[in-house]
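**Q** This structure is in structure tokens; I'll ask about it shortly.
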Amino acid sequence: MYSKKVMEEFSNPANVGVVEDADGVGEVGSTIDGDIINISIKVKDNILEDVKFKTFGCVVAISTSSAVVKLAKGKTVDEAMALTNEDVISYLDGLPEGKDRCSGFALDALKMAINDYIHKNK
Amino acid sequence: MYSKKVMEEFSNPANVGVVEDADGVGEVGSTIDGDIINISIKVKDNILEDVKFKTFGCVVAISTSSAVVKLAKGKTVDEAMALTNEDVISYLDGLPEGKDRCSGFALDALKMAINDYIHKNK
Amino acid sequence: MKRIYMDHSATTPVDSLVVDAMLPFFSEIFGNASSLHSFGTEAAEALSLARKQVADAIGALPEEIIFTSGGTESDNLAIRGVVPFNEGKKHIITSVIEHPAVLNTCSFLESLGHEVTYVPVDVDGIIDVKVLEESIRKNTAIISVMHANNEVGTIQPIEEISGIAKEHNIYFHTDAVQSVGKIPVNVDDLGVDMLSISSHKIHGPKGVGALYVRNGTNISPIVFGGNHEKGMRSGTENVSGIVGFGKAMELAAERLSEDSVHMTRMRDSLISRVFDTISDVRLNGHPSKRLPNNVNMSFKYAEGESMLMLLDMQGVAVSTGSACSSKSLKASHVLSALRIEDEFIHGSLRMSLGRENTMDDIDHMVDALQETITKLRAMSPLADR
Amino acid sequence: MKRIYMDHSATTPVDSLVVDAMLPFFSEIFGNASSLHSFGTEAAEALSLARKQVADAIGALPEEIIFTSGGTESDNLAIRGVVPFNEGKKHIITSVIEHPAVLNTCSFLESLGHEVTYVPVDVDGIIDVKVLEESIRKNTAIISVMHANNEVGTIQPIEEISGIAKEHNIYFHTDAVQSVGKIPVNVDDLGVDMLSISSHKIHGPKGVGALYVRNGTNISPIVFGGNHEKGMRSGTENVSGIVGFGKAMELAAERLSEDSVHMTRMRDSLISRVFDTISDVRLNGHPSKRLPNNVNMSFKYAEGESMLMLLDMQGVAVSTGSACSSKSLKASHVLSALRIEDEFIHGSLRMSLGRENTMDDIDHMVDALQETITKLRAMSPLADR
Ligand SMILES: Cc1ncc(COP(=O)(O)O)c(C=O)c1O
Ligand SMILES: Cc1ncc(COP(=O)(O)O)c(C=O)c1O
Ligand code: FES
Ligand code: FES
């Protein structure tokens, strides 16, 4: 059902955790719904130097979290804000039909973290 | 489905034919219904000396014809008239459920033949 | 005693390649196709392959195949499935010679207030297309006419009927249970919206079948539960059965031309040899528009069940069109619809050939038949009148 | 990698004795059981034996068994079958934790104008018998309550409920799909009028099942055709499948006490070892009134699908009670009915044991589970709050 890439990201996720002294934090979801994605970022010279996630959720939630973090890391704030759902899905070689519920959550959490950073540094 | 005895009578029927110079003849059925049983008898000293049948019909029609003829042969007219459906069925070790349509036809034909004989000799 | 099976319209032996395909799916690849783990996905993949095999064999798309428990359920689903989507359309058109799976589904719907027109056939069993067209009403929901008849083998002009249905914007279903594997069956060529198939008639396992439902055709299910088969047929999928069915469909398509040539040769030889050697006999059904494997003949002065049983004692398995339901010796509704005369109607035999029959079997059959007829006619009070 | 299957409530591997029993019925004894010739009578005899095996295993008479295509169809037939015989009686009572085969049949009947009362259960999954009794109306046609639940394994007080049904002269049906082969199932002891069974849950083939219908209980069919199964279920009988089902029922009865002791030991060991080695965990379902093979536990800070997939990667097959249907991550209707707390409801796993599991498998399962939970909790933002 899931692509190889999804299962790879799911079973060997990189960048799990919370960035120390985070410059921005985003969190999406709730226990009632069954998933929570937390993304924290460290920004230096307008670049996302470190990005980490903690996710409670399904295979899609975890694999997209890992993917979003990998995609965002090293990018400029603007580049990261320009990431799309399609970027994430294509990075994962697609997601199965009917499993799109969580696919946008990780990106939402990332953008929330960036907005948090922008807001704090205004 | 059918008892051994039924299949025996059906596949090796004895006394097939028409008695020469019959003293009585009985016939039951029609082509529309799908079966016809013809029984002819020769009576001597009040005894059914010869009995024969010709039957067009199903396994039950043929096996009961053969059974009825065997049962009747050698009996007195009164004894033959006293034969019952149960006698025929028990001689055949039973008939399967739902296959009782033709079971009485052969006996009917025999009795018709005997009545024909009685009528002619009144 | 050599046993010869000539009742392939009733059911067929499962092909050994089909059995081989099924075997791993009992105790090794045994998962429930709905399960998320690898046992489940293996089963789901096997279902996908089978769905493709079935679809390919009839020129359909995999997503247009709904697996069922057999031809009977497929017929029920097709006809009853469109009813809820046709509020107010309460009229159904079918033929008088359909299989009981269609006819009894129609009577059931009649009991619920639907109206059914049963279109007559000619003496060869071909449906009266003019009457069919005239019986179309504003509230006709579906037309269901079988591709080939199971008793007499007559093949219907499905393309013509489906054209009429399309013209009037009415769903068209055909029961192709007997035609698949014997003549070409392509859903686009036939122009059908729905088509029923049964696995056990084409050397697949019993208890499996499919309904083809053309994309865009709205039907509702008749069995409710876990929403398997996209909600159209609930119940844990019979994986081993479906795998066997898929393989059987693949083989049926692959072997169609070879099989049909072989069966046609045997069929024609059997018919002509019976005519040559036995008197007072007639062929039931259409002389040329008939299935390559169907021989249905009637013999005067011999009754069906008796012939069948004597043949069986000689090791030959056939079927008859007359059956006793205790209260009456009923002639089949198909033979009655063909207006077969009284002297012939109770003496019919259906000899339906299969892939594994040989010309030797035909010889044996003719011999056994001669012996049987001779014996019964010697017993019949009618034969010498 | 060693693969361990612990999803026997979803389906089971076919027992090798069952496969052996089935094998001759594909290509040797392949006749249609309705055929009059010897190929047919051989098949009919095999059906008779299987009917007796199924009947004997549940203390019924052979004539009280209707073969179907599985548990789903049996549930449909039971509930929809009594409806036509209860003109005016348009009320049905069932429980909130039934299988979708019952629940969706009920919704279908609701769409036709019937009324359904769904009786609640307590936090252990036991039906509220008082509410059930109070919801009985003059026009109640049938009560349907499952014997044992497929997700949490809770066993219902069927004798008590059937007593109430009898008192009020209402038909009582139980879905025994999960209980057969695990706990004693006797139709007289249970006092039921109808009872559903599925072959593939008891090491038989998929696509076969039965509905027990007590003599004197009037039902009408839901599939129409050639009037097989005394008119109650049309369609050529799946002989090989039914033969396998019969054998599986015989084995289930023979091995019941041994199997249930074995499964209970494994179950209790699994539960206590999980409690010993993993924190923040709860057992779902009744602590003692539960199937010997059912372990359903919830783990905080770990989501069901993720656990399932990580376990699968370690070769262990289980199931979860949470499923994503795209629009929402739905918790199962059963766990919701048991009012499991939010933190636990999305983290449930069902480990359902089978005859062939061993204590070694339990060791392996506990290890794999520990690794899985550790990994997921390390990832969870909730675990360290
Ligand atoms: C024309 C036709 N339709 C439907 C069926 C029913 O199919 P099944 O035996 O798979 O239920 C049959 C065979 O019995 C048939 O010959
Ligand atoms: C309690 C219960 N009822 C009914 C069914 C349906 O049976 P089947 O899978 O044979 O359709 C199942 C299993 O899926 C079940 O667990
Ligand atoms: S037709 Fe002779 S018993 Fe039925
Ligand atoms: S719950 Fe995550 S994709 Fe469905």
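The values are calculated or read from the model by the stated rules, or taken from the named source; none is laboratory data. In this text the structure is predicted, and so the values were computed from the model without any measurement. Glycine also receives a Cβ, built like all others from the backbone with ideal geometry; neighbour counts cover every protein chain displayed. The accessibility values were calculated without ligands, DNA or RNA, using every heavy atom of the protein model including side chains. Shrake-Rupley method; radii C 1.70, N 1.55, O 1.52, S 1.80 Å.
**Q** At 20 Å minimum axial length over the Cα atoms and a Kyte-Doolittle cut of -1.0, report the qualifying DSSP H helices in chain B, or say none. Write down the numbers at each step before the final one.
**A** Numbers: long enough: B:105-120 (22 Å, 0.24).
Sorted by number, the helices that extend far enough and score high enough are B:105-120.
**Q** The range B:2-60 to the range C:123-146: how many Å between their Cα centroids?
**A** Between the Cα centres of the range B:2-60 and the range C:123-146 lies a distance of 47 Å.
**Q** Using a label position 7 Å from Cα in the Cα→Cβ direction, what is the ascending list of nm distances from A:E97 to the same site in the other copies?
**A** Nearest first, the other copies' label points are 4.9 nm away.
**Q** Continuing with the same structure: For the range D:143-271, what class follows from the C-alpha gyration tensor (a ≥ b ≥ c being the square roots of its eigenvalues): rounded when a/c is under 1.5, otherwise prolate if a/b is larger than b/c, else oblate? Display every interim value, and only then the final one.
**A** Values: a/c = 2.36, a/b = 1.21, b/c = 1.95.
Oblate shape, in that a/c is at least 1.5 and b/c is the bigger or equal ratio.
**Q** For the pair A:E86/D:K289, report the inter-label distance in nm, with labels modelled 7 Å from Cα in the Cβ direction.
**A** It is 5.7 nm.
**Q** In degrees between 0 and 90, to the nearest 10, how far off the longest principal axis of chain C does helix C:71-82 point, with axes built from Cα atoms?
**A** For helix C:71-82, the angle is close to 50 degrees.
**Q** Taking the convex hull of the Cα atoms, report for the protein assembly as shown its projected area averaged over all directions, in nm².
**A** On the way: hull surface 186.9 nm².
Averaged projected hull area, Cα only: 46.7 nm².
**Q** Quick check: net charge around C:A33, other residues with Cβ under 12 Å of its Cβ, Lys/Arg +1 and Asp/Glu -1? Walk me through the numbers before you get to the answer.
**A** Numbers: positive: C:R51, D:K206; negative: C:E42, C:E45, C:E229, C:E237.
Its environment carries a net charge of -2.
**Q** For the pairs A:K4/A:K111; D:K138/D:K166; B:K44/B:K122; B:K42/B:K70, note any where the Cα-Cα span goes beyond 24 Å. Could the numbers behind the result be given before it?
**A** On the way: A:K4/A:K111 27 Å; D:K138/D:K166 14 Å; B:K44/B:K122 15 Å; B:K42/B:K70 14 Å.
Table pairs above 24 Å Cα-Cα are A:K4/A:K111.
**Q** Pop out the carbon and sulfur fraction of the accessible area of the range C:256-377 as a percent, whole number, probe 1.4 Å.
**A** Values: 2190 of 4310 Å².
Roughly 51 percent, rounded to a whole number.
**Q** Got the D:T264 label distances to the other copies yet, label 7 Å along Cα→Cβ, in nm, shortest first?
**A** 6.8
**Q** Over chain D, average the accessible area per residue using a 1.4 Å probe and give it in Å², no decimals.
**A** Values: 12710 Å² over 385 residues.
On a per-residue basis, 33 Å².
**Q** What does the convex hull of the Cα atoms come to per residue for the range C:16-254, in Å³?
**A** Details: hull volume 26.7 nm³, N = 239.
Value for the range C:16-254: 112 Å³ per residue.
**Q** Grab the other residues whose beta carbon is less than 11 angstrom from that of A:K42, score K and R as +1, D and E as -1, and report the net. Don't skip to the answer; put the middle values down first.
**A** Numbers: positive: A:K44, A:K52, A:K73; negative: A:E20, A:D21, A:D23, A:E49, A:D50.
Computed value for this residue: -2.
**Q** Still on this model: Under a point-charge model restricted to the Cβ atoms of Lys and Arg (+1) and Asp and Glu (-1), what is the dipole moment magnitude of the range C:93-200 relative to its Cα centre, in debye to the nearest 20?
**A** Working: 5 positive and 16 negative charges, 45 e Å.
Charge dipole, the range C:93-200, about its Cα centre: 220 debye, nearest 20.
**Q** Looking at chain C, identify the longest residue range that excludes and avoids all GluC sites (Glu not before Pro) in DSSP loops having at most 10 other Cβ atoms within 10 Å. Don't skip to the answer; put the middle values down first.
**A** On the way: sites that count: C:E87, C:E341.
In chain C, the maximal stretch lacking such sites is C:88-340.
**Q** Copy-to-copy spacing for A:I118, label 7 Å out on the Cα-to-C-beta vector, in nm, shortest first?
**A** 11.5
**Q** With a sphere of radius 10 Å drawn around the Cβ of D:R282, what net charge do the other residues whose Cβ falls strictly inside it have (Lys, Arg +1; Asp, Glu -1)? If you can, show how the numbers build up before the last one.
**A** Working: positive: D:K300; negative: D:D280, D:E341, D:E343.
Once positives and negatives cancel, what remains is -2.
**Q** If you take the accessible area of C alone plus D alone and subtract the pair, what total do you get in square angstrom, rounded to 100, with a 1.4 Å probe? Write out the running numbers ahead of the final one.
**A** Numbers: alone 16140 and 16110 Å², together 27790 Å².
Summed over both sides, the interface buries about 4500 Å².
**Q** I've got another one for you. Hey, could you get me the Stokes-Einstein D for the range D:231-385, Kirkwood radius over alpha-carbon pairs, 20 °C and 1.002 mPa s, rounded to whole µm² s⁻¹? Let's see the in-between values first.
**A** On the way: Rh = 17.3 Å.
Reported coefficient: 124 µm²/s.
**Q** Consider the operator that turns chain D into chain C: which D residue has a Cβ nearest its axis, and what is that gap in Å?
**A** So the chain D residue sitting closest to the axis is D:S69, 2.
**Q** Next question, about the same structure. What FRET efficiency would be calculated for the residue pair D:H333, C:A378, taking the C-beta separation as r and a Förster radius of 60 Å, to the nearest 0.05? Don't skip to the answer; put the middle values down first.
**A** On the way: r = 71 Å, r/R0 = 1.19.
Rounded to the nearest 0.05, the efficiency is 0.25.
**Q** Moving to a separate point now. Would you mind checking the range C:193-226 for residues with the amide N under 18 Å from a putative spin-label position 7 Å along Cα→C-beta of C:N169?
**A** Counting only backbone N, you get C:193, C:216-219.
**Q** Moving to a separate point now. D for chain A, whole µm²/s, Stokes-Einstein with Kirkwood Rh over alpha-carbon pairs at 10 °C and 1.306 mPa s: what number? List each step's numbers first, then the result.
**A** Details: Rh = 14.0 Å.
Taking Rh from Cα pairs, D becomes 113 µm²/s.
**Q** If I model a spin label at A:A14 and C:S325 as a point 7 Å from the Cα along the Cα→Cβ vector, what separation in nanometres do I get?
**A** Placing both labels 7 Å along Cα→Cβ, they lie 7.4 nm apart.
**Q** Kirkwood Rh, the range D:311-385, all Cα pairs: how many Å? Write down the numbers at each step before the final one.
**A** Numbers: mean 1/r = 0.0704 Å⁻¹.
After inverting the mean inverse Cα-Cα distance, the result is 14.2 Å.
**Q** With a 1.4 Å probe and every protein chain kept in, tell me what percent of the accessible surface of the range C:16-254 is carbon plus sulfur. Could the numbers behind the result be given before it?
**A** Numbers: 3940 of 7510 Å².
Answer for the range C:16-254 is 52 percent, counting heavy atoms of protein chains only.
**Q** Where does chain C land at 222 nm, in deg cm²/dmol rounded to the nearest 500, when only DSSP H runs of n ≥ 4 count, each adding -39500 (n - 2.57), divided by all residues? Walk me through the intermediate numbers first.
**A** Details: 13 runs with 154 residues, N = 385.
Rounded to the nearest 500, the figure is -12500 deg cm²/dmol.
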